[in-house]
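**Student:** Just passing along the structure, written as structure tokens.
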Amino acid sequence: MPAEITLVARLATSAVDSRRGVVRLHPEVLDALDLRPWHAVTLTGSRITTALAAAADPATPHGQVTVDDVTLSNCGLTDGASVVVAPAAAAAARRVVLGGSRIARTATPETIRLALLGKVLVRGDAVSLLPQDLAPPPGSDVPTARRTLANTVGGGWTSELLVVAETEPAGVVAVQPSTVVGWLDGPTTGAPAAAGTPTVRTVSAPVAAPAPPAEPALGIDELVGNVDRAKRLVEWLELTFRRPELLAKLGGTAQLGALVVGPEGVGKATLARSAAAAVEAGCVELDAPSAAALEPGAASQRVHDAVESAVGAARAGRPTVLLVTDVHALLPAAEPPPLATLVLDVLRNALATPGVALVATTSAPEAVDPRLRAPDLVDRELSLALPDARTRTDLLRRLLASVPLAEGVDLAAVAERAPGFVVADLLAVRREAAIRAALRTGSDAASEPRIRQEDLLDAVSSVRPVSMSSSETLQTGGIGLDDVGDMTEVKQALTEAVLWPLQYPDSFARLGVAAPRGVLLYGPPGCGKTFLLRALAGTGRLNVLSVKGAELLDKYVGESERAVRELFRKASDAAPALIFLDEVDALAPRRGGSTDSGVADRVVAALLTELDGAQPLREVIVVGATNRPELIDPALLRPGRLERLVYVPPPDAEARADILRAAGKNTPLADDVDLDELGAELEGYSAADCAAVLREAALTAMRESLEATQVTAAHIEAARKAVPPSLDPAQLVELEAYASRRP
């Protein structure tokens, strides 16, 4: 029996398997691996993860494994990549330590255990709260788990992900009814705290988790990157608390309500705490997501308790800041609950008390109830931006000040590789680098453990910025433009239009020209447009937000335009960033010809506004891709928008040979296989077709024998008959004619 097998990973499309940590294999492959349904397997991509194996439909190809989105992300792979599957022995978990959002932590450990019961885990994995209900293990109570999670975490509980920080024993473990669940303590958002090793808070099942102690406030000068904004808030608090008579004399009121806006994890709450400490004021915190997750009566009581605490301290003579974190969870703009009106009234009454100031934080200002911005509530706003490369270097220097570093560590180079990273992300980088250094040191007590440059760089590549969601992020896979064969003119055009504006802004300013705002890649399907974008992002070390055009369209009025605005806002938060609009012809068709009640026309208008509106984009490049450029609205292609048009032609014989070599680098080929000759013979085949020929040849060899060790010329000849060329000659003529008409 084979100890392992290499298969093609395909993303599960069935909602039944979604996010449940289950992979499906052909029944014969299960037998070949000596597996029974619901046994554990390991999957090896760029990292090793684990999952439960189940039988797939017998019609599924033998060489395919169907993987859910979370497991695919845990492997560090993309749809269609190769993955090594092997049986695994899962030990019963005595203890599991988890990391999660504040919202997820509102659920009790017993509820979390019910959600994870029967799942297999390994340290470093992301795991969904969706219970494993396909084959519920003994002791599970799926209905109770679902109901409790919905009541405590809220309606978005199905999208919450936890991170497995530690397991006991180490290795692959299965969660049992006796497993003890714990939370990983330590700061996850805000400005850096003193360096040290995070502690693990283990919680037994029947006891609710105690509230963590408040973090000590940092000095204003310690808020790397946010000192000026913190001083501005300190000035406002000084006037409100210390000189109310001056404000009254000038016609103002001694009342302060401020909204601190910025990406998640950038340090909004830490800034508010530090400003309060700087003016010697108290700070009463209200965590809005935790309050919003409670029943209406309990939520109302929590709000009243926080406000009464602030008001009581002010009446006792000590000025107090009422800090409401993530206020959009308690006061949402979309369908605000009846509780929102009560909360606004309570906050308004609190501000009427001398000595009370209100500071609210949010990472989604457009999602906050507009009534909060009334003149007698929150009438001032502070905006915190993402740290730039220099600020990230200073933050890393502070975070690693007490950490033993090896000789030659270049923190500036690490910061350069981390665009879009905030303090919370850099804390995760420090933690991941420490784990890698500890694993390398092992049991060698004689050598002093030190973090090396490669530990930090590997940690950066494994940490996803909090500003980027997994569903939107385009994974580069570590490739760059140098890995793209041929296409010299295309690569040069993309380098000039995308990388130069971000890498050499001074040159554009010196010559008095504006950098290109966007690029349109067009060409026949399957010829590498998306691959080029991945390579471009890898070379420029950019954050890439990828979205297919049709994904932004929504039947409800205003939702599509809102999705466009949100996409560009996230890109600005994660700058330098690249927005990749795949199938842009579906998103921005010619206006006036649609039959969708004007949805497409409004989306085109929203796109034009974001690309060339009153607020210019900074360090954000937009790249569209299509194989039907004539369908795109012409207004989108004029200068100042997607002004640079780049044609991606089908591969020639030499390029096809390079593609075959790259696609088959892990495939054992027999001596009678000549890839140069094969590339010359595959006239009319796209890059995707060439890769499909090799994949089909490997599957043909497996059909002959699952013990096959190489792919022969006969297998490739059979694959050529099974995989016809997909390029349409008529479409090629039309695209080449379009290219000849464009400058």
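Read-outs throughout are calculated quantities, based only on the coordinates presented, and are distinct from any laboratory measurement. What you are looking at is a predicted structure, and each value in this text was computed from that prediction instead of being measured. Using ideal geometry, Cβ is built from the backbone for each residue, glycine included, and neighbour counts are taken over all protein chains shown.
**Student:** Convex hull over the Cα atoms of segment 212-304, averaged projected area in nm²?
**Tutor:** 7.7 nm²
**Student:** Can you give the % of DSSP beta bridges in the chain that are antiparallel, to the nearest 5?
**Tutor:** 35 percent
**Student:** I need SER73, SER14, SER726 ordered by Cβ neighbour count within 10 Å, fewest first.
**Tutor:** Taking fewest neighbouring Cβ atoms as first place, the list is SER14, SER726, SER73.
**Student:** I'd like the antiparallel share, as a percent to the nearest 5, of DSSP beta bridges with both residues in segment 5-87.
**Tutor:** 70 percent
**Student:** Sticking with this structure for a sec: For segment 91-184, what relative contact order do you get, as a whole percent, if you take Cα pairs closer than 8 Å and at least 6 residues apart?
**Tutor:** Averaging sequence separation for qualifying contacts and normalising by length gives 55 percent for segment 91-184.
**Student:** Let me ask something else about it. Roughly what angle does helix 653-663 make with the longest principal axis of the chain, taking Cα atoms, 0 to 90 degrees, to the nearest 10?
**Tutor:** In the chain, helix 653-663 runs at an angle near 60 degrees to the longest axis.
**Student:** Classify segment 5-87 from the C-alpha gyration tensor, please: rounded if a/c falls under 1.5, else prolate or oblate depending on whether a/b exceeds b/c.
**Tutor:** Cα axes put segment 5-87 in the rounded bin.
**Student:** Of all trypsin sites (Lys or Arg not before Pro) in segment 246-293, which ones are in loop regions per DSSP and have a Cβ with at most 16 other Cβ atoms within 10 Å?
**Tutor:** Hits after loop and neighbour filter: nothing returned.
**Student:** Sticking with this structure for a sec: Cut-off under 27 Å on the C-alpha distance; same-chain residues fewer than 8 positions from LYS548 excluded. Which lysines are left, in chain and number order?
**Tutor:** LYS491, LYS529, LYS570
**Student:** Please give the Cα centre distance for segment 217-254 versus segment 319-338, rounded to the nearest Å.
**Tutor:** After rounding, the separation between the Cα centres reads 22 Å.
**Student:** Same structure again: Can you tell me how much longer the chain between GLU407 and ILE435 gets when fully stretched, taken as 0.36 nm per residue apart minus their C-alpha distance, in nm with one decimal?
**Tutor:** Full extension from GLU407 to ILE435 adds 8.2 nm.
**Student:** Now for a different question. Can you work out the PRE-style zone for LEU732? Point 7 Å along Cα to Cβ, and I want the residues of segment 629-670 with backbone N under 12 Å.
**Tutor:** Only 649-653 fall inside the zone, counting backbone N under 12 Å.
**Student:** Oh, and also: Among HIS715, HIS304, what is the fewest-to-most ranking by other Cβ atoms within 10 Å?
**Tutor:** HIS304, HIS715
**Student:** I'd like the orientation of helix 338-351 relative to the chain: the angle between its Cα long axis and the longest Cα principal axis, in ° from 0 to 90, rounded to 10.
**Tutor:** 40 degrees
**Student:** Taking only C-alpha pairs under 8 Å that are 6+ residues apart, what is the relative contact order of the chain in percent?
**Tutor:** Relative CO of the chain lands at 9 percent.
**Student:** Let me ask you something else. Relative to the first principal axis of the alpha-carbon coordinates of the chain, what is the inclination of helix 268-278, with its axis defined by its Cα atoms, in degrees from 0 to 90 and to the nearest 10?
**Tutor:** Compared with the principal axis, the helix lies near 30 degrees.
**Student:** If you place +1 on the Cβ of every Lys and Arg, -1 on the Cβ of every Asp and Glu, and leave all else neutral, what size is the dipole of the chain about its Cα centre, to the nearest 20 Debye?
**Tutor:** That gives a dipole near 2380 debye.
**Student:** Relative contact order for segment 220-383 using alpha-carbon pairs under 8 Å, separation at least 6, rounded to a whole percent?
**Tutor:** Relative contact order for segment 220-383 comes out at 31 percent.
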